[in-house]
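Please treat every number below as a calculation from the coordinates, not as lab data. Remember, predicted model here, so these are calculated numbers, not experimental data. Backbone-built Cβ (ideal geometry, glycine too); neighbour counts: all protein chains shown.
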Amino acid sequence: MLAKVPNETPHWPAANCYDAMKMLAQAIKQASIANTPKSLEADRKKVRDALAQIKDFPGLTSADGKITMVDMVDGKHAGDAIKKGTLIQIQNGKFVPVGEGKAAALKLR
């Protein structure tokens, strides 16, 4: 994503969507789905299970470049993405990552 627009910083929602779609694509590949009308229910479960297994995914929006999915919390499916945050400050009307832990998608150029 960054290589396609080298002089621009992606907007945070766009970078999050990019990470989500890349994780979904990885899960679909790993799930080995049949992709037929009869296998739809089983395929959905396989993809959900594959998403739940993602660990240290190389994402743009994590300060350390790693995103891990957490499947179960207190016996319930959570589906949360765990990643290090980035502290952002508004400077001269622009969002600027500050301090340690700047996400790759927000690095200053």
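Is the C-alpha gyration tensor of segment 29-86 telling us rounded, prolate or oblate? Criteria: a/c under 1.5 is rounded; beyond that, a/b larger than b/c is prolate, otherwise oblate. Please list the in-between numbers first.
Values: a/c = 3.70, a/b = 1.80, b/c = 2.05.
The shape class here is oblate.
Relative to the Cα centre, the charge distribution of segment 2-84, modelled as +1 at Lys and Arg Cβ and -1 at Asp and Glu Cβ, gives a dipole magnitude of about 220 debye.
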